[in-house]
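The values are calculated or read from the model by the stated rules, or taken from the named source; none is laboratory data. If you're wondering where the values come from, they're calculated on a predicted model, not measured in any experiment. Using ideal geometry, Cβ is built from the backbone for each residue, glycine included, and neighbour counts are taken over all protein chains shown. Accessible surface is based on the protein model in full, side chains and every heavy atom, while ligands, DNA and RNA are left aside. Shrake-Rupley method; radii C 1.70, N 1.55, O 1.52, S 1.80 Å.
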Amino acid sequence: MKTINAYILKYVTQFEMIGVLMRIISFSIVSWQGENSPYLFVWVFNTLDAILLSWCSILKKDRAYSLLNVFWIFVSIVGILRALGKL
């Protein structure tokens, strides 16, 4: 795990940019397609970017963004459950 964390920290700026672009893409899909959006895909994609951004912010010891992105993971899980009709 230390090796993965060291790799993430070495390229943290690039990983953060990937996460931010993923989030922009997921919200753009919903904005453009509205009710025809593939909600399950969007929420799964959004969960992945939240995990990536959480990981980066935790490694950087940025408490504010860690809290925001970990919270966003929980929001995304609720979105996935709603898209699956479980809530």
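Taking the Cα centre of segment 25-87 as reference, the dipole from Cβ charges on Lys and Arg (+1) and Asp and Glu (-1) amounts to some 220 debye. Extending 7 Å from the Cα toward the beta-carbon at both LYS60 and GLN14 defines two label points whose distance is 1.6 nm. Accessible surface computed residue by residue for the chain, with neighbouring protein chains in place and a 1.4 Å probe, gives 71 Å² per residue.
Taking the charge dipole of the chain about its Cα centre, with +1 at Lys and Arg Cβ atoms and -1 at Asp and Glu Cβ atoms, the residue from TRP32, TYR11, VAL75 reaching farthest to the positive side is TYR11.
Both radii were evaluated on the Cα set of the chain; the Rg over Rh quotient, with Rh as the Kirkwood radius, amounts to 1.03. The portion of the accessible surface of segment 18-87 made up by carbon and sulfur, rounded to a whole percent, is 72 (1.4 Å probe; DNA, RNA and ligands excluded).
Helices in the chain that qualify as membrane-span-like (whole DSSP H runs, Cα extent of at least 20 Å along the helix axis, mean Kyte-Doolittle hydropathy of 0.5 or higher) are 12-33, 39-59, 63-83.
Largest first, the residues TYR7, TYR39 sort by 1.4 Å accessible area into TYR7, TYR39. Look at the alpha carbon pairs under 8 Å that are at least 6 residues apart: their mean separation over the length of segment 23-72 gives a relative contact order of 30 percent. Across the chain, the relative contact order, built from alpha-carbon pairs under 8 Å that are at least six residues apart, equals 30 percent.
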